[in-house]
Amino acid sequence: MPGTDAVIPPEVTEVTEAVQDAPAGRARFARPELPEAGHRSGLWFRDRAEDRRAFVSAVPAPA
């Protein structure tokens, strides 16, 4: 989740949190927060190798 996003309104975060909190059986869900990133997180990650590695490490592997 980016810290600021000029494209997606803050209300969408509430929906994302509801999905995260909902019982989902065997589903695995990660919601890394990127306080300094904006909507185009790919561009943000481009020059931040350390943050990129941390993000990839936080994403659950497929079951």
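With a Förster radius of 35 Å applied to the beta-carbon distance between R48 and A18, the computed FRET efficiency rounds to 0.75. In this structure, the amide hydrogen of L34, modeled 1.01 Å from its nitrogen in the peptide plane, lies closer than 5 angstrom to those of G3, counting only residues at least 5 positions away or on a different chain. Here the Karplus curve 6.51 cos²θ - 1.76 cosθ + 1.60, taken at θ = phi - 60°, turns the phi angles of region 42-56 into couplings of x, 5, 5, 5, 3, 9, 10, 4, 5, 5, 4, 5, 5, 5, 4 Hz, with x standing for Gly and Pro.
Compared with the alpha-carbon gap, the fully stretched path from D5 to E36 is longer by 10.1 nm at 0.36 nm per residue.
Rule-based calculations on the coordinates, nothing more; no lab input. Predicted model only: the values in this text are computed from it and were never measured. Quick reminder, even Gly has a Cβ in these numbers, built from the backbone with ideal geometry, and neighbours come from all protein chains shown.
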